[in-house]
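Written below as structure tokens is the structure these notes are about.
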Amino acid sequence: MALMKWNPFEEFASLEDRLARLWEGFPFGSVERSRGKRQVADWIPPVDIFEDENAYLVKVELPDLSEKDVELKIDNDVLTISGRKKLEREDKKSGYHLIESSYGEFSRSFSLPSNVEGEKATAKFEKGVLKVTLPKKPESKPKHISIKLN
């Protein structure tokens, strides 16, 4: 019987691929894949997604960024939010003991549900939080029908 070298990182990659495929079936599933491989960003800002009867709201935490540092794009029913957070240190402050903040480029992509009107999307940047509103198509809203009795 031949001995085989075990690489635990291969199993982690396999698990990551299986979990990514699981999430792709849900609305707003991640589509951060390129030619079968997962794209790696320097940092990944946290995202919250809410829904009400009129729209979806995507909130992205982007501390220390401004609207000029962020790009939004909707293409083929995919919302992509990307940008860059720069590490700006002054030489006067060379006495840093610890830096836990994340810096670098990021990109987040989400598949949009079929009931979103992408051309009517709006975005607002306020206090380090990007808020993207994605209105629903009128026909996708539930309608209340009254029943009349004779």
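Values quoted throughout were computed directly from the atomic coordinates according to the rules given, and no laboratory measurement underlies them. Please read all numbers here as calculations on a predicted model, not as lab measurements. Here the Cβ positions follow ideal geometry from the backbone for every residue, glycine too, while neighbour counts run over all protein chains shown.
Hey, which of these cross-link pairs are over 22 Å Cα-Cα: Lys73/Lys124; Lys85/Lys120; Lys68/Lys131?
Violating the 22 Å limit, Cα to Cα: Lys85/Lys120.
Please report Glu126, Glu100 as a ranked list, fewest other C-beta atoms within 10 angstrom at the top and most at the bottom.
Fewest-to-most ranking of Glu126, Glu100: Glu100, Glu126.
Compute the FRET efficiency between Ile147 and Glu117 as 1/(1 + (r/R0)^6), taking r as their Cβ-Cβ distance and R0 = 41 Å, and round to the nearest 0.05.
Computed FRET efficiency for Ile147 and Glu117 comes out at 0.85.
Using 1/(1 + (r/R0)^6) with R0 = 22 angstrom and r between the beta carbons of Lys68 and Glu126, what's the FRET efficiency to the nearest 0.05?
0.90
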